[in-house]
Amino acid sequence: MPDRGGGPTGPRIRVGRPSRRVRTLLMTLGVLAVLAMLFVMFAGFWTDWLWYRSVHYTSVFTTTLWTKIGLFAVFGLLMSLSVGFNIWLAHRLRPPLSAMSLEQQSLDRYRMAIAPYKTWVLIGVTALVGLIAGASASGQWRTWLLWVNGVSFHEKDPQFHKDISFYTFDLPWYRFLLSFGFAATVLSLIAAVLVHYLYGGLRITSPGARATGAATGHLSVLLGVFVALKAVAYWLDRYGLAVKSSDFKATGNWTGLRYVDANAYLPAKTILFCIAVICAGLFFATLWRRTWQLPVIGFGLMVLSAVLVGGLYPAIVQKFQVQPNEQAKEAPYIQKNIDATRKAYGIDTVAPKDYSGESDADNKQLRADADSTANLRLLDPNVVSPAFHQRQQVRGYYGFPRTLDIDRYKTADGKEEDTVIGLRELDIEGIPGPERNWINDHFKYTHGYGAVAAKGTSVTKNGLPEFTEKDLPTKGAFPDYEQRIYYGEGTTDYSIVGGPQKELDYSGDNGEEETYTYKGKSGVSLSNPLNRAAYALAFGEPQILYSGAIGDGSRILYHRTPKERVEAVAPWLTIDGDAYPAVVDGRIQWIVDAYTTVNNYPYSSRTTLGDTTADSLTDGEREVVAQQNKVNYIRNSVKATVDAYDGTVKLYEWDTEDPVLKTWRKAFPGTVKPRSEISDSLMEHFRYPQDLFKVQRELLTRYHVTDPAQFYSGSEVWQVPDDPTNKGNSVPPYYLSLRMPGEKEQTFSLTTTFTPNKRSTLGAFMAVDADATSKKYGTIRLLKLPPNTPVSGPQLVQSLFNSKPKIAESIRLLKGGDSTVEYGNLLTVPLDGGLLYVEPVYVRGADTDYPLLKKVLVSDGGDRIAFEDTLEQALDVAFGQKAPSTQQPPGTGKLPPGTSTDPTVRQALKDAQDALAAGEAALAKKGGPDWGAYEKAQKEVKAALKKAVEAEQKAEQKSGDKADQKPDGKADQASDGESGGQPGEEPDKQGAQDG
């Protein structure tokens, strides 16, 4: 054993191999590290398998897994073989060492360093590129499954007359193969060049030939393959023009061929294809000629042709043929784009119907028809959630979503009624602080309890929701059903149920806590130590492995939100942003709309789902899954349900004609149930999905026009108005039951409005039959108002409300003290040739912290405006059946508006009234509204109202604010306090007050 030391008398330190014990320890640690890494990888795979088995969708897991493995193996192996073979061939074709130049002799040290390990270097390089290529290919599993299972659309594109399936299913796969071929060729070429240079086949500085004949032939073949692939790319680019995106001033986002594409780029691609084929042949010919002269000339010709034919020529055509007469040149292609886009988004049957926007009926007729035209929903699901929360939360660890849902339920007499519904879900954050620990969070507090529902069209006399299903356990209009909610929109953490640890069920009628043990079959068993170890690792919680709270029968529940579960079992679907609950056949079912989408429908314009579906109600809970996806074809092909108790996921076929769904059903057989298995009771709760409707309305802002010339001019472009109570966000569509013009009965519908581009008047009204039991389900009706209509749009109506002096004064009085005023949904309804706007007004008191409906605003978009305590009173006043109420707003204790004795206030209100009249005159001006005069009038109205408010405040301060201390004011406040209730009241007391 060698030693190392100082002088002859110095200490000597013996250095040698580590002892056998150390080597054994190191080897053991290495093996344990490898085993730990393998178990981490195994844990992720194993927990995924267990979850899919628990929901009975193992075929989805296995099909996806084997497809990924197959693509990884095949393309990884192909890449490894390609690069490895060319490295081996370049080494095999190396010249003899005696022929090496001085330049090559300087590389001896590199060759000497590699020589002992060249086999391992070859294996390492090929393995690395194979792993990278395989990982990239495995991400194309959707593309592969669509290609291998694709079915025909039975429709052909207007340019090449190929079936649409070629573009949606075949072309993406061909492009992937082409990109893989380019990558393999380029990597092989780089590897071959390096090996040839290292072993003398290529020379840079040495005199004489730069390459040996063998190297020349090898590299020429690789370059020939590259150019041949470029020829294939040119040929596929011809078809790619049909799905190419570009900017076009007539549409902004354009997809498909235009004049310059069809008459310049298309022939250019064909010419370049031919040149590339010839050039590739010249490269292959070097195997015999052993010279670079012809291939280099051919390649230069191809590059020059790409510049001249593929770039310069189309620019000349665009400049000198298209621009001088663009509308006429582009008209046929605009028509193709219009037809394809309308077809791809399911709006091809929508035909705008002219609608005057002004009614000829008298006031009495209008008032009578207002009751039968629509069930005007006063309860806004986006506003009243705090009222549900305060009145029906019962315990702090329960909660309701920020935005409730709209559904239909039958009353005792069998009639359908629009209903606002929300589930009392578990809210972990509401658990008292001292009780927050791992056991309580995951074993004790595991589920919510019960559905709470209220009438959508009425409230109690105190402005509270009129609950039809309430209290805990809930009781009311619904028949008996399983009320426990283990799966919901707010249930995002895992729970462990069914074992020795009891769950908190609910507080009984006497406030006593009751316990429960989960009896469902969902979740994954933790009885097996292997499963416990895998989940302890997957969730980063070691207590799962050794906790005594887990025993026989324990099951872990996770992936508990409806959208998350549906997306997991059907990863090929795009999920709607709004899952909604329904009580069906004794169970609470979450209903989830799902879409099939593609991005390669020829000539159809693309849209980004996240941008198109965003509105003032969109939040983290209501965003469409895969929201940044660009699509140009969409169908609501699947309706899914998730059981709130046992998490069972069912997928039902909805669009029986959709070729994309047919393709995915071939890829994942048995996962989607036929439409015939949907029960009648479940069908009653299906509705037209909001996100699809929002995509369609966005497209209809432009594609309601079917004439190419008019489409090109852009004179008929509409826009989705901003929500007047939530600036900067699109107004959301609203569900309500209404009778459209020409229809005999009311239908549950989804509605929206349009305004002309950069204007505030009403441009159109759109409604779709949203009742799945209706034969006309999905029928979109579009009422188009005249361009010069004086009918106000939503923002203008809100502005008119705010600018009316009496209304503004009443609103100010409603805000007395620390109260705040919140506006509900501004509903728009066609009425006898005109329009009717209805908006509930809520007041949120500082002592109640939840909104109470206190007023209703009604307008016809013109002179008829009312602001009353109830909808019936507001309609009576708006249509001249009753005089406006002079009663002061409830609970304010203030003088009625207009009774001020201060001369400054009176004059300011008169000025506001005069300015309002001037604004209305500007809107009704012949030849179209005078927007400049209207804007000036609005500014004068605001200035006058501000002056009136400031003057009255000064007057009140002088008088000591005596009006606030009147006995009737105290009585009003007491009444409000009684109606509002306090947090934590018992359910039976709340119910009595609601009555």
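Scan Val296, Val260 and give me the residue that is of a type in the set (Val, Ile, Thr), surrounded by 20 or more Cβ atoms within 10 Å (Cβ to Cβ) and assigned to a helix (DSSP H, G or I).
Details: Val296 fails: surrounded by 20 or more Cβ atoms within 10 Å (Cβ to Cβ).
Answer to the check: Val260.
So Thr515 ticks every box in (1) farther than 21 Å from Gly586 by Cβ; (2) in contact (Cβ under 8 Å) with a residue 24 or more places away in the chain; (3) of a type in the set (S, T, N, Q) but one. Which box is left unticked?
(2)
Look at segment 263-293 and say how many of its residues are at pLDDT below 85 and buried (at least 19 other Cβ atoms within 10 Å of the Cβ).
The qualifying residues number 1.
Examine segment 668-677 for a residue that is of a type in the set (Asp, Glu), touching a strand residue (DSSP E or B) at 6+ places or on another chain (Cβ under 7 Å) and in contact (Cβ under 8 Å) with a residue 60 or more places away in the chain, and state whether such a residue exists.
no
Tell me which strands (runs of 3 or more DSSP E) are completely within segment 483-567 and hold 2 or more residues being closer than 24 Å to Gly399 by Cβ and modelled with pLDDT under 90, or say none if there are none.
503-507, 513-516
Out of the residues in segment 170-191 meeting the condition of being touching a Ser or Thr at 6+ places or on another chain (Cβ under 7 Å) and not aliphatic (A, V, I, L, M), tell me which one is surrounded by the fewest Cβ atoms within 10 Å (Cβ to Cβ).
Among those that are touching a Ser or Thr at 6+ places or on another chain (Cβ under 7 Å) and not aliphatic (A, V, I, L, M), it is Trp173.
Select from segment 208-242 the residues that are part of a helix (DSSP H, G or I) and polar (S, T, N, Q) and write down the one among them that is modelled with the highest pLDDT.
Ser220
State all residues of segment 376-391 that are under 18 Å from Lys855 (Cα atoms) and crowded, with 21+ Cβ neighbours inside 10 Å; if no residue qualifies, say none.
Matches in segment 376-391: Leu376, Arg377, Leu378, Leu379, Asp380, Pro381, Val383, Val384, Ala387.
Would you confirm, using the coordinates I've provided, whether Pro805 is modelled with pLDDT under 85, over 36 Å from the mean Cα position of the chain (by Cα) and under 22 Å from Ala912 (Cβ atoms)?
yes
Given Leu472, Leu464, which one is touching a Pro at 6+ places or on another chain (Cβ under 7 Å), closer than 30 Å to Val384 by Cα and surrounded by 21 or more Cβ atoms within 10 Å (Cβ to Cβ)?
So the residue among Leu472, Leu464 that is touching a Pro at 6+ places or on another chain (Cβ under 7 Å), closer than 30 Å to Val384 by Cα and surrounded by 21 or more Cβ atoms within 10 Å (Cβ to Cβ) is Leu472.
Return the residue satisfying two criteria in turn: it lies in segment 610-621 and is surrounded by 19 or more Cβ atoms within 10 Å (Cβ to Cβ) and either assigned to a strand (DSSP E or B) or touching a Gly at 6+ places or on another chain (Cβ under 9 Å) (or both), and of such residues it is modelled with the highest pLDDT.
Within segment 610-621, the match that is modelled with the highest pLDDT is Thr613.
Could you check segment 40-80 and list, in sequence order, the residues that are surrounded by fewer than 19 Cβ atoms within 10 Å (Cβ to Cβ) and closer than 17 Å to Ser179 by Cα?
Scanning segment 40-80 gives Val74, Leu77, Leu78.
Answer with yes or no whether Ala667 is of a type in the set (Gly, Ala, Ser), in contact with a helix residue (DSSP H, G or I) (Cβ under 9 Å, 6 or more places away or on another chain) and either crowded, with 19+ Cβ neighbours inside 10 Å or at pLDDT 95 or above (or both).
yes
So, Val592, is that one modelled with pLDDT of 95 or more and under 18 Å from Glu425 (Cβ atoms) or not? Even if it seems obvious, please write down each step before you answer.
Details: modelled with pLDDT of 95 or more: yes; under 18 Å from Glu425 (Cβ atoms): yes.
In short, yes.
If you go through segment 521-533 one residue at a time, do you hit one that is polar (S, T, N, Q), farther than 24 Å from Thr58 by Cβ and under 38 Å from the mean Cα position of the chain (by Cα)? Talk me through it step by step, then tell me what you get.
Taking segment 521-533 first, the residues polar (S, T, N, Q) are 522, 525, 527-528, 531.
Subset that is farther than 24 Å from Thr58 by Cβ: none.
Among the residues of segment 521-533, not one is polar (S, T, N, Q), farther than 24 Å from Thr58 by Cβ and under 38 Å from the mean Cα position of the chain (by Cα), which makes the answer no.
Would you mind stating whether Ala640 is surrounded by 20 or more Cβ atoms within 10 Å (Cβ to Cβ), within 23 Å of the chain's Cα centre (by Cα) and at pLDDT 95 or above?
When the stated conditions are applied, Ala640 passes them.
In this structure, does Glu809 turn out to be of a type in the set (Asp, Glu) and farther than 20 Å from Asn726 by Cβ?
yes
Can you give me the number of residues within segment 825-874 that are in a loop (DSSP other than H, G, I, E, B) and in contact (Cβ under 8 Å) with a residue 40 or more places away in the chain?
Going through segment 825-874 one residue at a time, the tally reaches 13.
The values are calculated or read from the model by the stated rules, or taken from the named source; none is laboratory data. Owing to the predicted nature of the structure, the values given are computational and were not obtained by experimental measurement. Cβ sites come from the backbone with ideal geometry, for glycine too, and all protein chains shown count toward neighbours.
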